[in-house]
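Novice: Sharing a structure with you now.
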Amino acid sequence: MCGITGIFSADPAASIDAAVMARMRERMAHRGPDGAGLWQAPGIAFGHRRLAIIDRSASGAQPMLWVCRTAGRGSDAHPMARGRAVPAAEGFAPVSGDRIALGIVYNGELYNDAELRTELSGMGVEFRSRSDTETILAALAVWGFAGIDRLRGMYGIACFDLVNQCLLLARDPLGIKPLYYSQINDGSPTIAFASEIPALLEHPGIRARPDPVVVSSYLTTIRTTLGDRTLYEGIRALEPGEQIVAARDRGSLRLTRISSWDNPHAHSHPHPQPLDADVDIRSVIEDSVQRHLRSDVPVCCLLSGGLDSSIIARIARDGSTEAMTTFCAGADGVSGGSDDFAFARKMAESLGSEHIEAPVSRAMFRERWESMVERMGVPMSTPNEVAINEVSRGLRASGFPVTLSGEGADELFGGYDIIMSQCEDHIAGLRIRASWRDAGGRFHLDLAAWAPVEAKSAILSESMLAGIEGDRQLIEQYERVFARCAAGVEDGEPMQAHLRFQRRVNLAGLLLRLDQASMLESVEGRTPLADDRIARLAESLPMDRKFVRGGDEGKPNRTKIALREAFGRILPREIVARAKASFPLPFQEWLPDAADVLRGSTIAREWFSDAAIALVLADPAKSWKIGWPMLNLALWGRRFQ
């Protein structure tokens with residue numbers, strides 16, 4: 001896991017300022033405390049901070065280059081397979097007869113490394129390290145940028161093709177790893193990219209200015225992006241599964257976008273029949289967990305005591321002869337404690353793991369919330385980020401740079417009891433049953449709203465209202481995403497589209513939350529259930545293998561049915577039967593501690609109405625649904641005051 005950054009100019013002779021590159025790179029030192037690299041060529045520069053997990057030797061250092069001999073082996077080998085991967089130490093230059101074909105910086109982990117190496121070796125590639133960076137670089141050398149589609153893993157990748165003078169930016173299909181970019185004019189049209197927004201803000205051509213449209217959308221969604229737009233004007237995010245190719249074109253940069261969500265086969269992956277669901281689901285998930293355990297450093301598990309994290313921990317424990325360590329975070333005893341602690345202890349006893357708790361106090365929450373907003377450069381999405389950050393500090397201090405976490409199962413297998421019921425009620429309430437395709441986007445926007453769209457006229461100042469066009473772009477984005485999720489779904493299966501929407505929107509937000517909060521402490525969070533192969537399997541299951549409404553007899557709803565049946569026999573009964581829990585922190589009760597932030601904020605008075613500020617200040621705990629996003633924006637807005 002790492003931090004990547006770079007600059008690409010439309011001018012093929014441009015000299016990139018090394019001092020600027022170094023500042024951008026070092027702004028992400030927490031993402032890679034184990035090493036730093038820089039590579040420059042005319043018109044292009046890459047920077048890298050390394051968190052060394054696999055092949056910790058210098059052979060795995062980045063940036064990494066694919067170097068080819070002008071005279072290679074015989075015609076039996078693929079022409080580009082004759083090259084070799086070379087870590088680019090600062091000042092690297094090819095020797096006589098060599099040419100650099102590709103350069104790469106990569107943040108993530110590859111989980112089909114062995115399969116790709118076998119295939120590439122058969123085509124003539126000779127590997128010189130165990131680094132998955134070398135594997136990805138070889139794949140892109142042999143198969144071109146289309147090699148991205150062969151990767152199974154989490155990644156943010158930048159690859160420069162020196163032959164064709166074009167830059168590839170790519171993000172994994174589920175959005176586990178982030179990647180941001182900005183188009184600027186640095187003497188000539190230029191694109192700068194980075195794993196985190198604060199690194200981009202180190203570039204003198206990028207100014208920190210708020211985007212009012214996204215500020216307003218954050219109030220409603222508590223998401224720091226709206227499509228590819230971020231809270232910063234001019235800074236964009238690659239969306240999950242998106243690839244961007246920037247090519248020089250007569251003094252400008254031409255950008256071409258490809259998205260896996262535009263691929264008709266990206267959502268529907270029919271599974272071979274007949275399907276023995278229990279056996280198949282269990283084997284696929286066990287395979288994913290084992291792949292996610294590959295590491296040259298110690299690995300632990302986050303254990304909340306819920307079904308998902310317990311499945312992962314159980315598989316990891318059963319597949320290892322070594323002792324296991326598990327961690328759990330939640331509210332401290334003074335605050336009433338967290339249900340997670342009790343359930344996690346029960347599961348830890350079943351595992352025989354060394355179990356460590358990371359309690360979050362009221363005072364800690366207030367301090368950490370403020371410091372994390374400053375360090376991340378964006379407001380917090382959910383209060384759980386503080387708990388994730390605190391437990392990440394604890395496991396890093398205990399010698400665990402890698403942890404497995406349970407994100408993904410709810411969005412793939414129908415785990416949100418209340419939301420799934422509300423989706424069914426929404427569908428049943430439509431006057432014209434077939435209209436579910438058109439109504440889904442606005443339904444989800446209203447369902448998850450913290451500050452409803454209709455309330456903005458009372459919450460925002462007149463100047464802000466003038467710039468957001470009635471949240472038109474927010475509404476259109478949700479409608480557009482739901483339309484994509486509905487594509488290919490049978491008319492009689494609207495719940496499949498609603499579950500896809502949760503995967504596309506909610507899961508991406510949770511994965512970003514995990515990345516931000518854990519990487520601040522130099523910890524790699526891996527999510528075995530948020531895996532492309534598992535997503536394909538879950539997609540192939542009928543809805544009655546995922547969620548079934550309880551009915552009028554008072555029976556409870558059944559959620560994540562396939563998971564509970566596949567793993568119910570190897571987990572404690574209390575864990576299997578446990579209902580979905582949301583926030584392990586009583587943040588609503590803690591909001592009054594941050595009221596002073598809103599009271600003293602000049603930017604808040606520019607953005608929010610006097611009435612909205614007065615309402616939150618009068619009783620922050622009672623007004624928590626608008627208080628949480630408003631206080632976050634006030635904390636983040638300090639940089640603009």
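Novice: Given the conditions (1) part of a strand (DSSP E or B); (2) at pLDDT below 95, and given that residue 107 satisfies all but one, which numbered condition is not satisfied?
Specialist: Of everything listed in (1) part of a strand (DSSP E or B); (2) at pLDDT below 95, residue 107 misses just condition (2).
Novice: Is one or more of the residues making up the stretch 580-587 part of a helix (DSSP H, G or I) and within 21 Å of residue 380 (Cβ to Cβ)? Step through it out loud before you land on a result.
Specialist: Kept after step one, since they are part of a helix (DSSP H, G or I), are these residues of the stretch 580-587: 587.
When the remaining residues are screened for being within 21 Å of residue 380 (Cβ to Cβ), the result is 587.
Looking through the stretch 580-587, at least one residue is part of a helix (DSSP H, G or I) and within 21 Å of residue 380 (Cβ to Cβ).
Novice: Of 357, 385, 374, 390, which residue is acidic (Asp, Glu), more than 19 Å from residue 586 (Cα to Cα) and not assigned by TED's automatic domain parsing to the domain that holds residue 637?
Specialist: Values: 357 fails: more than 19 Å from residue 586 (Cα to Cα); 385 fails: more than 19 Å from residue 586 (Cα to Cα); 390 fails: more than 19 Å from residue 586 (Cα to Cα).
The unique qualifying residue is 374.
Novice: Name the residue that is farthest from residue 167 (Cα to Cα), counting only residues in the stretch 194-228 that are of a type in the set (D, E, K, R) and free of Cβ contacts under 8 Å to residues at least 24 places away in the same chain. First the steps, then the outcome.
Specialist: Residues of the stretch 194-228 that are of a type in the set (D, E, K, R), as a first pass: 196, 202, 207, 209, 211, 223, 228.
Now narrow it down to the ones that are free of Cβ contacts under 8 Å to residues at least 24 places away in the same chain: 211, 228.
On the way: 211: 27, 228: 19 Å.
Only one residue tops the list, namely 211.
Novice: Okay, moving on. Scanning the stretch 37-55 for residues that are over 10 Å from residue 2 (Cα atoms) and small (Gly, Ala, Ser), which turns out surrounded by the most Cβ atoms within 10 Å (Cβ to Cβ)?
Specialist: Here is the first cut: in the stretch 37-55, the residues over 10 Å from residue 2 (Cα atoms) are 37-47, 54-55.
The next check asks that each one be small (Gly, Ala, Ser); those that pass are 37, 41, 43, 45, 47.
Numbers: 37: 23, 41: 17, 43: 22, 45: 28, 47: 30.
Taking the candidates together, the pick is 47.
Novice: Let me ask something else. Taking residue 490 and the conditions (1) assigned to a helix (DSSP H, G or I); (2) free of Cβ contacts under 8 Å to residues at least 40 places away in the same chain; (3) surrounded by fewer than 22 Cβ atoms within 10 Å (Cβ to Cβ), which numbered condition does it fall short on, given that it satisfies the others?
Specialist: (1)
Novice: I'm trying to understand the selection: among the residues of the stretch 606-624, which are touching a residue at least 40 places away in the same chain (Cβ under 8 Å) and surrounded by 14 or more Cβ atoms within 10 Å (Cβ to Cβ)? Give the derivation first.
Specialist: Here is the first cut: in the stretch 606-624, the residues touching a residue at least 40 places away in the same chain (Cβ under 8 Å) are 606-609, 611-612.
Matches in the stretch 606-624: 606, 607, 608, 609, 612.
Novice: Taking the conditions exactly as written (under 30 Å from residue 518 (Cβ atoms), within 30 Å of the chain's Cα centre (by Cα) and free of Cβ contacts under 8 Å to residues at least 24 places away in the same chain), does residue 115 satisfy them or not? Break it down stepwise before answering.
Specialist: Numbers: under 30 Å from residue 518 (Cβ atoms): yes; within 30 Å of the chain's Cα centre (by Cα): yes; free of Cβ contacts under 8 Å to residues at least 24 places away in the same chain: yes.
So residue 115 passes the test.
Novice: With the condition kept exactly as written, say whether any residue in the stretch 463-479 is touching a His at 6+ places or on another chain (Cβ under 8 Å) and not assigned by TED's automatic domain parsing to the domain that holds residue 51. Before you say what the answer is, go through the steps one by one.
Specialist: Residues of the stretch 463-479 touching a His at 6+ places or on another chain (Cβ under 8 Å): 478.
From the residues that got through so far, the ones that are not assigned by TED's automatic domain parsing to the domain that holds residue 51 too are 478.
Among the residues of the stretch 463-479, at least one is touching a His at 6+ places or on another chain (Cβ under 8 Å) and not assigned by TED's automatic domain parsing to the domain that holds residue 51, which makes the answer yes.
Novice: Ok, one more. Which one of 566, 594, 562, 579 is surrounded by 17 or more Cβ atoms within 10 Å (Cβ to Cβ), closer than 27 Å to residue 387 by Cβ and not basic (Lys, Arg)? Break it down into steps so the answer makes sense when it comes.
Specialist: Details: 566 fails: closer than 27 Å to residue 387 by Cβ; 562 fails: closer than 27 Å to residue 387 by Cβ; 579 fails: surrounded by 17 or more Cβ atoms within 10 Å (Cβ to Cβ).
One residue alone meets the criteria, 594.
Novice: Now for a different question. Looking only at the stretch 279-322, count every residue that is assigned to a loop (DSSP other than H, G, I, E, B), over 19 Å from residue 112 (Cβ atoms) and in contact (Cβ under 8 Å) with a residue 24 or more places away in the chain and tell me the total.
Specialist: The total comes to 7.
Novice: Quick check on this structure: which one of 613, 575 is within 30 Å of the chain's Cα centre (by Cα), part of a helix (DSSP H, G or I) and of a type in the set (Val, Ile, Thr)?
Specialist: Values: 613 fails: within 30 Å of the chain's Cα centre (by Cα).
The conditions single out 575.
Novice: Also, I was wondering about something else. Name the residue that is modelled with the highest pLDDT, counting only residues in the stretch 153-198 that are surrounded by fewer than 24 Cβ atoms within 10 Å (Cβ to Cβ) and of a type in the set (D, E, K, R).
Specialist: 161
Novice: Which ones in the stretch 423-458 are within 26 Å of residue 579 (Cβ to Cβ), more than 24 Å from the chain's Cα centre (by Cα) and exposed (fewer than 15 other Cβ atoms within 10 Å of the Cβ)?
Specialist: 425, 428, 429
Novice: OK, next. Filter the stretch 301-360 down to the residues that are among the basic types (Lys, Arg) and touching a helix residue (DSSP H, G or I) at 6+ places or on another chain (Cβ under 8 Å) and list them by number.
Specialist: Of everything in the stretch 301-360, those that are among the basic types (Lys, Arg) and touching a helix residue (DSSP H, G or I) at 6+ places or on another chain (Cβ under 8 Å) turn out to be 314, 317, 346.
Novice: Tally time: how many residues in the stretch 510-529 are surrounded by fewer than 24 Cβ atoms within 10 Å (Cβ to Cβ) and either within 14 Å of residue 172 (Cα to Cα) or of a type in the set (Val, Ile, Thr) (or both)?
Specialist: 1
Novice: Can you spot a residue in the stretch 626-638 that is out of contact with any Ser or Thr (no Cβ under 7 Å at 6 or more places or on another chain), surrounded by fewer than 18 Cβ atoms within 10 Å (Cβ to Cβ), more than 19 Å from residue 386 (Cα to Cα) and outside the structural domain of residue 359 (by TED's automatic domain parsing)? Give the derivation first.
Specialist: First, pick out the residues of the stretch 626-638 that are out of contact with any Ser or Thr (no Cβ under 7 Å at 6 or more places or on another chain): 626-633, 635-636, 638.
Add one more test, that the residue is surrounded by fewer than 18 Cβ atoms within 10 Å (Cβ to Cβ), and what stays is 638.
This time we only want the ones that are more than 19 Å from residue 386 (Cα to Cα), so: 638.
Among the residues that remain, those that are also outside the structural domain of residue 359 (by TED's automatic domain parsing) are: 638.
Checked the stretch 626-638: at least one residue is out of contact with any Ser or Thr (no Cβ under 7 Å at 6 or more places or on another chain), surrounded by fewer than 18 Cβ atoms within 10 Å (Cβ to Cβ), more than 19 Å from residue 386 (Cα to Cα) and outside the structural domain of residue 359 (by TED's automatic domain parsing).
The values are calculated or read from the model by the stated rules, or taken from the named source; none is laboratory data. Computed from a predicted model, the values in this text were never measured in an experiment. Don't worry about glycine lacking a Cβ; one is built from the backbone with ideal geometry, like all the others, and counts go over all protein chains shown.
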